[in-house]
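What follows is calculated from the coordinates using simple rules that are stated; it is not laboratory data. Note that this is a predicted model, so its numbers are computed, not measured. With ideal geometry, Cβ positions are generated from the backbone for all residues, glycine too; neighbour counts draw on all protein chains shown.
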Amino acid sequence: MINQLLKGLVDLIYGTGRVRRKFELNNPNEKVLAADASKDIVTTTNQDIQRGLDWVTSQRAVILLTDKKLVCGKWIIPIDTISTAQLLEINSLFGGGQVLKIQTTDDKNYQFGMQFNTEWTSQQQLPLTLEHGQVKHSAFSIIVRLIVVGYLIYWIYERFFAN
């Protein structure tokens, strides 16, 4: 229930339905199999999912899987250039999500973070390896969290215990 509410809210913010309809009108020879609001990064290697600066500055766009390609913001990835595709189901503080990891034949690696959506698991065009994933913390993420906790402790001390 919470996953559906969050997906609906995020899709509303990103305009996922509008982007999907516009794509279908402009590309009548392609069928959209899955559409989602997403945060996306390109990595140099097929690395694990981890919180970090890459995700803070990531592209935010609607990802569309058609019968011919993957389209997301400025990226267009033809399906025949995808060498591996993994869909990792993750759990977070805000419900379930998923990360689509794509590696292309020219050794580009993409990660697309989305809310949980069964359209991805029910489609048959893109052969996916389904896994349960764990999100790791980067050094940047750990440092930011320590700074925030330190500031919170300082604020509580100043507010309630000083003077």
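Key figures
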| quantity | calculated |
| --- | --- |
| FRET efficiency, GLU158 to ARG18 (Cβ-Cβ, R0 35 Å, nearest 0.05) | 0.15 |
| Pairwise Cα inverse-distance average, inverted: Kirkwood Rh of region 63-132 (Å) | 12.5 Å |
| Sorted peptide list for 17-24, 145-152, 66-73, criterion being average Cβ within 10 angstrom, highest first | 66-73, 17-24, 145-152 |
